[in-house]
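Below: the structure, in structure tokens.
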Amino acid sequence: MAAATMQSALAGAPGSAAEAIGRLGDLLYVGAGAIFLFVMALAIYSVFAKPRAVNVRRWIVGGGLVFPIVVLTALLVYSLRTGDALSHSAAASGSSESEPLRIRVVGKQWWWEVRYVGHAQGTEIVLANEVRLPVGRPVELLLTSTDVIHSFWVPALAGKVDMIPGRTTRVALRADETGIFRGQCAEYCGGQHALMALYVVAQSQSDFESWLARQARPAQRPDDSFLKLGYDAFFKGNCQACHAIRGTPAAGTLGPDLTHVGGRHSLAAGVLDNHIGTMAGWIAGTQDVKPGSKMPSTRTFTGIELRAISAWLGSLQ
Amino acid sequence: MRHAPIPHRRKVLLLGLGAVALVLLGAGAGAALLLSGAYSTAATKQHFAITYRVLETGLRYSLESNAEEIEVPDLSRVAKIEVGHACYRRYCVQCHGAPGVARDPIGRGQLPSPSRLEQSAREWPPSHLFYVTQKGVRMTGMPAWEYRISQEGLWSTVAFLKRMPFMTQAEYAAMGARSDDIACPAPSGGHPYSVERARTMFQQYSCHNCHRIDGVVGPETYIGPALHEWPARAYIAGVVPNTRANLARWIADPQVFSPTTLMPDMDVVDEHAQHMARYLFEQQ
Amino acid sequence: MNALSVARLRTMSIALSAWSALLGACGEQRDYRPQVRGGDAQRGQIALLRHDCGVCHAIPGIIGAHGRVGPSLASYGRFPHLAGKFPNDPELLVRWLTDAPSMAVATAMPALDLDEQEARDMAAYLYSLE
């Protein structure tokens, strides 16, 4: 998969809140810088110039009252409008299209549960550690947590919004161009807080629709004998106690849904690349990657079983 | 010109400094000998006669003291000459020879040279013979047999050694024909686990020649993986899960899990394999 | 200067000169160093990081490489054997990196999606580990 853009609030994606905030920030830096230089120039001039009479009152009223009032009022208006544009209510009323796409993201120690509303009435598509958006369309994330306070932060798209147990907070996301953006948890939430990251992928509308349709489909028991060995190893290793894979008997809810884990951009919540090697290393060495994680290292698979289960999970695209 | 008498404190200081200088000189000379490579390690170069005498004497005195606690059982009851002969033929004759039998080439190029046992078997008490056979002699070619031969087998070998100086060539050959199908018994186990014994086992099975092991002094070897922090490993040889049972089985018979592995089958006795596996798992 | 101090000085100077002469003779020499044809160790270091090889192996010089699923690769340049079965030959290592199961059917190390150049670079880096 393509590499993500730099995880930076200074690299705001086109059309995103981060871009608007960035513009406001740039205005402040440039404006304040210019005013600073001007004032310094005046100070230097006043020290070295030949003394002469000045209309003191004009300078004090003009420079100390009128100028700040005008500039700051303009700045206030601009920043209020920017803030308004970032809020969720503006997202709904702003564009002529439909309602914003709503996605639920639940923060857990130390991964992200992501829930899309399915096409069929009342259904939910559950995935983990990755959020995909269609470009050009406003998206609203409904954020909450089931254990401690986390914070959703994708610097290139928007600011930080806390995920508080028992409450639902919201953040508006929008990208006008395709891209992959990395984000991470921004509120200390325990030992592996530093390794709780995720990727947000902005795709064209049609790519997004086909992706969502694929996510809705359940997995199937594999035909290939090697993949079947992996399928059996999954249950031998009791992985279904925590994980769900729709279309198989696995229906655990303690850990991430793995129905389409093979197609994700990363493993272990944004920590590892996603290929058969990292899948094997994550399964056999979980506690070495994320010590204290609620998933134990699985030390019961033979070498062949480990490769097989990694291959099977990788095939769940 | 006459010097003033040196005060006592000054004398002591000078003596002390002189002693330190002497020690440093000695250490420097030792280092010079070692690092210059002037000391020859060739087995074709003879010892000085005095060196030889010193080493021999040192061996005898060490045996006197270390073999003292060995209780010699009633050899006529416990030991079987035929079994001792089988062990001698399997493990000893190659270096020591036998009545009318020359030692193999392996026994001919050594320094010190393995003795012909006719004399020492006659003169040494059984406890000394047992101790040397069981424990070997360091810095010589004499291995320890404790981990390869059972206690009964060792005493049988001692009993045989006691008879051997009185055998003719024909008697020795005839005994060979009779004991052809007797095997020299391997250790049967029954010892409790101890960290010291486990470390000795690694060394006795020459594990440390391929693997670096905590607590076992040996070469800086990269032939096999280092066995440090063993419990944290997920796999044994990359194929089977790292559990105590699997490890004991691996040590005793690596080819069961990995037929093409370069780790040889060292004929490790089951109990020894279990003790070594336990040692590795109880490391931190 | 009295006779004693002169004698002491002489002793010390002899010892010192002998010692410094010997220090020059120290040091192990290694004749054999494996060479990977067409592999660049620096690119290999980046490739090992990018492919997250450290999730299974502890590898010096790679950030985050402290996995214990596979063996440590510290001092890899000195290993006589590859994966406990083969001589540690550069061409065999390159093959092992891309398709270990084809060489050892029971191994836990999967076949990885690497191109030949990446594998050569990784091998070059591993052989640089003393």
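The values are calculated or read from the model by the stated rules, or taken from the named source; none is laboratory data. The shown structure was predicted, so the numbers you read here are calculated from the model rather than taken from an experiment. Here Cβ is always computed from backbone atoms with ideal geometry, including for glycine, and neighbour counts include all displayed protein chains. Keep in mind that these areas ignore ligands, DNA and RNA; they rest on the heavy atoms of the full protein, side chains included. Shrake-Rupley method; radii C 1.70, N 1.55, O 1.52, S 1.80 Å.
Some observations on this one:
- Inter-label distance for B:Thr243 and C:Leu129, nm, one decimal - labels placed 7 Å from Cα along Cα-to-Cβ: 2.9 nm
- Amide H contacts of A:Leu198: A:Gly183, A:Gln184, each under 5 Å away and 5 or more positions distant or on a separate chain (H built 1.01 Å from N in the peptide plane; Pro and chain starts excluded).
- Gyration tensor over the Cα atoms of chain B: the corresponding equivalent ellipsoid has semi-axes (square roots of 5 times the eigenvalues, largest first) of 42, 33, 19 Å.
- Nonlocal amide H pairs with B:Met142, under 5 Å, H built at 1.01 Å: B:Val137
- Fraction of the pair-distance distribution of the protein assembly as shown above 45 Å, Cα-Cα pairs, percent: 52 percent
- Residues of region C:70-95 buried by at least 50 Å² on assembly (accessible area, 1.4 Å probe, chain alone as reference): C:Arg78, C:His81, C:Lys85
- When A:Trp112, A:Trp153 are compared by accessible area at a 1.4 angstrom probe, the order from most to least is A:Trp153, A:Trp112.
- Inverse mean reciprocal Cα-Cα distance (Kirkwood Rh) of region A:191-317, Å: 15.2 Å
- Evaluated with a Cβ-only charge set (Lys, Arg +1; Asp, Glu -1), chain B carries a dipole of roughly 1320 debye about its Cα centre, given to the nearest 20.
- Note on region B:195-282: with neighbouring protein chains present and a 1.4 Å probe, carbon and sulfur make up 53 percent of its accessible heavy-atom surface.
- Intensity falloff of region B:195-282 expressed as log10 I(q)/I(0), Debye formula with alpha-carbon point scatterers, at q = 0.12, 0.25 Å⁻¹: -0.30, -1.60
- Quotient of Cα Rg and 2.2 N^0.38 Å for chain A, N being how many residues it contains: 1.31
- Taken as entire DSSP H runs, the helices of chain A that both span 24 Å or more between Cα atoms along their own long axis and average -1.0 or more on the Kyte-Doolittle scale are A:17-48, A:67-86.
- Each other residue within a Cβ distance under 9 Å of A:Asn129 adds +1 if Lys or Arg and -1 if Asp or Glu, for a net charge of -1.
- For chain B, the longest principal axis of the alpha carbon atoms and the long axis of helix B:169-178 meet at an angle near 50°.
- Taking the protein assembly as shown as the region of interest, the number of lysine pairs whose Cα atoms are within less than 24 Å, with members eight or more places apart or on different chains, is 10.
- Buried accessible surface for the A/B pair, both sides summed and rounded to the nearest 100, is 600 Å² with a 1.4 Å probe.
- Think of a 1.4 Å ball rolled over the protein heavy atoms: region A:163-281 then has 43 Å² of accessible area per residue.
- Here the relative contact order of region A:225-314, from alpha carbon pairs under 8 Å that lie six or more residues apart, stands at 36 percent.
- With pairing defined as another cysteine C-beta under 4.7 Å, the cysteines of chain B that fail it are B:Cys92, B:Cys95, B:Cys207, B:Cys210.
- Volume per residue for region A:1-52 equals 92 cubic angstrom (convex hull of Cα atoms).
- Other-chain or far-sequence residues with amide H under 5 Å of A:Arg102's (modelled H): A:Glu140
- Under 15 Å from a label point set 7 Å out along the Cα-to-Cβ vector of B:Ala186, the amide N atoms of region B:238-277 belong to B:248-256, B:264-276.
- Counting only protein heavy atoms and a 1.4 Å probe, region B:195-282 has 45 square angstrom of accessible area per residue.
- Exposed-loop-free span, longest in chain A, where trypsin sites (Lys or Arg not before Pro) count as exposed if DSSP calls them loop and at most 11 other C-beta atoms lie within 10 Å: A:168-317
- Interface of C with B. Using a 1.4 Å probe and counting protein heavy atoms only, the two chains hide about 2000 Å² of accessible surface, both sides summed.
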